[in-house]
Amino acid sequence: MTQQTSTLYAKLLGETARIHWEELQPFFARGALLWVAEELDLIAVAEAMASNDTERVRAWLEGGEVAKVGEAKAADLVERKPELWAVVVSPWVLFQERASN
């Protein structure tokens with residue numbers, strides 16, 4: 001990991017926050033919301049996107065580990081109201097459901 005990359009990771013980590021689905025709905029409506037699978041590091045995904053690592057991002061998209069939010073997923077989030085974490089990598093907002101302990 002380069003110094004620049006670790007600095008970017010730290011910056012993104014500092015910009016990550018808990019959020020409720022209601023606050024993400026406008027981004028969902030604009031098609032600018034990406035779901036990140038629980039097994040991935042949300043910040044590592046954001047870092048890859050911010051640094052234009054197209055190979056890694058493409059692999060996650062093709063593997064379904066990163067995806068646009070569909071109607072069924074949105075309805076599930078409205079119903080369950082899970083704890084979410086989000087970070088902005090313009091023009092996208094990436095979010096991830098946090099596992100319950």
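For this structure, a couple of remarks:
- FRET efficiency estimate (nearest 0.05) - Cβ-Cβ, T54 to R18, R0 35 angstrom: 0.75
- Here is the list for the range 24-101: GluC sites (Glu not before Pro) lying in DSSP coil, each with at most 15 other C-beta atoms within 10 angstrom of its C-beta, are E38, E39, E65, E83.
- The mean sequence separation of alpha-carbon pairs under 8 Å and at least six residues apart, normalised by the residue count of the chain, gives a relative contact order of 40 percent.
- DSSP-loop trypsin sites (Lys or Arg not before Pro) across the range 11-101, with at most 14 other Cβ within 10 angstrom: R98
- Extent along principal axes [Cα atoms of the chain; Å; largest to smallest]: 42, 27, 27
- Neighbour-count order for S90, S51, S6, fewest beta carbons within 10 angstrom listed first: S90, S6, S51
- Here's the picture: a label point sits 7 Å out from the Cα of V78 along the beta-carbon direction, and within the range 21-54 the residues with their amide nitrogen under 15 Å of it are 21-30.
Every number here is computed from the coordinates shown, using simple stated rules; none is lab data. All values derive from a computational prediction rather than experimental measurement. In this analysis, Cβ positions are derived from the backbone assuming ideal geometry, glycine residues included, and neighbour counts consider all displayed protein chains.
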